[in-house]
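Below you'll find the structure, written out as structure tokens, and then a few comments.
Read-outs: derived from the displayed coordinates by stated rules, not from any lab. Nothing here was measured: the structure is a model prediction, and the numbers come from that model. Methodologically, a virtual Cβ is constructed for each residue, glycine included, from the backbone with ideal geometry; neighbour enumeration extends over all protein chains shown.
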Amino acid sequence: MSLKDTIESKLKASLTIHQMILTNESHQHNVPTGSESHFHLFLVSPDFEGVSRVARHQKIYGLLAEELKQGLHALRLQLHSLEEFEQGSVSPSQAPKCRGGSKG
């Protein structure tokens, strides 16, 4: 199972999901071809209603703790409640350009 599939499965098993877009952005970074190290998660869930932004992020990092230990290097998060999404003020954003960096 790919890392992307694993992440999606874990999130679906733990959260009520209205909309989820999980994008592998690794190709935009200085990593080997085919890497699964950098992801963007756009997630809308009623479970986030009344939950602070920090607590939302902590929830996701907690669910993906094992993946973060084993090669998931970066996880760009956009986490919204259903109410925020229905107000029409949120949508997936583009990742900033990678500034490079060394592989070693």
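Before moving on, here are some points about what is shown:
- FRET efficiency, Gln70 to Ile21 (Cβ-Cβ, R0 22 Å, nearest 0.05): 0.45
- DSSP-defined beta bridges in segment 3-86 - what % are antiparallel, rounded to 5: 45 percent
- Global form of segment 3-86, assessed from the alpha-carbon gyration tensor, a/c cut-off 1.5: prolate
- Given their separation in residues at 0.36 nm each and the Cα-Cα distance between them, Ser14 and Gln87 gain 23.8 nm when the chain is fully extended.
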